[in-house]
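The values are calculated or read from the model by the stated rules, or taken from the named source; none is laboratory data. Computed from a predicted structure; not experimentally measured. Please note: Cβ atoms are built from the backbone with ideal geometry, for glycine as well, and neighbour counts cover all protein chains shown. Ligands, DNA and RNA are stripped out before the accessible areas are found, and what is left, the full protein with its side chains, is counted by its heavy atoms. Shrake-Rupley method; radii C 1.70, N 1.55, O 1.52, S 1.80 Å.
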Amino acid sequence: QVQLVESGGGLVQPGGSLRLSCAASSLIFSIYRMGWYRQAPGKQRELVADITNIGSTNYADSVKGRFAISRDNAKNTVSLQMNSLKPEDTAVYYCNAGYSNDNYWGQGTQVTVSS
């Protein structure tokens, strides 16, 4: 059974930083595109950043220059370094793994940016 387990969320002040991690199990991690999505209250889930199996990255315009996604295929983990956080970054952040018709989600981790 594929599992994606996120960690690292929490409460941070505007301008602060957080690092989210996602540990994957029971899948051939190295072939999957990995992504971070977020969903704020009353809004649709949106892509934040993703990284292909060969390390190509893609970011939402709203986070470019502030967030960085990375992966460690030896440890089956994907991380999201979030800097210069803004109140509008507040959301539940979800880890996603995709390959062909396979698509898996983690349970989500709350990120709250507030003073």
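Under a Gaussian network description of the chain, with springs only between Cα atoms under 10 Å, the residue in R33, R66, R19 that fluctuates furthest is R66.
If you average the sequence gap of Cα pairs under 8 Å that are 6 or more apart and divide by the length of the chain, what percent do you get for the contact order? For the chain, the relative contact order is 36 percent.
Rounded to a whole number, what % of the accessible area of the chain do carbon and sulfur atoms account for, probe 1.4 Å?
Details: 2770 of 6040 Å².
Taking all protein chains in place, the chain shows 46 percent carbon and sulfur surface.
Solvent-accessible area per residue for the stretch 1-106 at a 1.4 Å probe radius, Å²? Mind dumping the intermediate values first?
Details: 5570 Å² over 106 residues.
It amounts to 53 Å² per residue over the stretch 1-106.
Per the Cα gyration tensor, the stretch 59-115 maps to an equivalent ellipsoid with semi-axes of 23, 14, 11 Å, ordered largest to smallest. Here's the picture: a label point sits 7 Å out from the Cα of N101 along the beta-carbon direction, and within the stretch 1-34 the residues with their amide nitrogen under 19 Å of it are 1-2, 27-28, 32-33. Restricting to the chain, compute how many DSSP beta bridges are antiparallel as a %, nearest 5. Bridges in the chain are about 95 percent antiparallel.
Only Cα pairs within less than 10 Å get springs; with that Gaussian network setup on the chain, which residue of S79, S70, S100 has the largest fluctuation? Maximum fluctuation in the GNM of the chain, among the listed residues, is at S100. Considering only N76, N101, N53, the mean-square fluctuation computed in a Gaussian network model of the chain, springs between alpha carbons under 10 angstrom, is largest for N101.
FRET efficiency for the S84 to S7 pair, using the beta carbon distance and R₀ = 22 Å, is estimated at 0.55.
Here the Kirkwood formula puts the hydrodynamic radius of the chain at 14.0 Å, using every distinct Cα pair.
Roughly how big is the chain's charge dipole about its Cα centre, with Cβ charges of +1 (Lys, Arg) and -1 (Asp, Glu), in debye to the nearest 20? Walk me through the intermediate numbers first.
Working: 10 positive and 8 negative charges, 25 e Å.
Roughly 120 debye, rounded to the nearest 20.
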